[in-house]
Amino acid sequence: MVRRWLSGGTEMKVRTVFLLMVMLFPAPLAAADAEPGRTLLVHVKTCLDGGNDHTRLIPQVIAGALKKGYKVVLLFDAEGVLSLKMGRWFGGHSTPLDRVDITRKEQQHLAGLLGTTPESIPDIYGSLLHFFKGRGVAVFVNRQALRLRGIDDDHFDHAAEAVGEERIVELLAGAGMYVSY
């Protein structure tokens, strides 16, 4: 009897909404199943050094994502490229990350997240970047941001691959999740 009271247009809308719900209902379930294969993009826009809490927070986020099975992409951009700059006043072959120690407590925390021993975690953040890269983390740096900061191709940590704007757009568009520091 209810159909008699509804106009044909209204009945059509109800059917359309019902069909859309039936077709879209499995989509959240499929997304939940695909979650371990999703990509987390960690966008580093501030310089990571001893005076910055982000230096300690970012590796914890990366380790947590790796533990959950996510693919992690690390992108250094803007002022964040200074984290990878090699040298000091007299040259040198270290970055600001190489000059920040990881405390024993932090090593234990990271080891717990990664399911490994604290002894396997490096004792400086510069080495941790290479450690993460060995664990499948893709590391990139904005080539234009390097140039704007006066960092040439020979004076940054090549654990990160220098990329242009088009590749950055691909990384941003392909990320299922995004976090910025």
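Taking a ≥ b ≥ c as the square roots of the Cα gyration tensor eigenvalues, segment 38-156 comes out oblate, since a/c reaches at least 1.5 and a/b does not exceed b/c. Largest first, the residues Glu165, Glu79, Glu119, Glu106 sort by 1.4 Å accessible area into Glu119, Glu165, Glu79, Glu106.
Legend: residues His54, His93, His130, His158, sorted from most to least accessible area (1.4 Å probe; ligands, DNA and RNA excluded), read His93, His158, His130, His54.
For segment 161-177, backbone phi angles converted through the Karplus equation (6.51, -1.76, 1.60; θ = phi - 60°) give residue-by-residue couplings of 8, 6, 10, x, 4, 4, 5, 4, 4, 4, 5, 5, 5, x, 7, x, 9 Hz, Gly and Pro being listed as x. Within segment 34-181, DSSP assigns beta bridges of which about 15% are antiparallel (rounded to the nearest 5). Which whole-number value in Å² is the accessible area per residue of segment 110-151, probe 1.4 Å? Accessible area per residue, segment 110-151: 46 Å². Rolled with a 1.4 Å probe across the full set of protein chains, the surface gives Asp123 an accessible area near 100 Å². Shape class of segment 86-139 from the alpha-carbon gyration tensor: oblate, with a/c at 1.5 or above and b/c at least as large as a/b.
Using only the Cα atoms of segment 90-181, build the gyration tensor, take square roots of its eigenvalues as a ≥ b ≥ c, and label the shape rounded, prolate or oblate: rounded if a/c is under 1.5, else prolate if a/b is larger than b/c, else oblate. Because a/c hits 1.5 or more and a/b fails to exceed b/c, segment 90-181 counts as oblate. Distant-in-sequence amide contacts of Tyr178, defined by a placed amide H-H separation under 5 Å and a gap of 5 or more residues or a different chain, comprise Leu41.
The values are calculated or read from the model by the stated rules, or taken from the named source; none is laboratory data. Note that this is a predicted model, so its numbers are computed, not measured. Just so you know, the surface numbers come from the protein's heavy atoms only, side chains and all, with ligands and any DNA or RNA stripped out. Shrake-Rupley method; radii C 1.70, N 1.55, O 1.52, S 1.80 Å.
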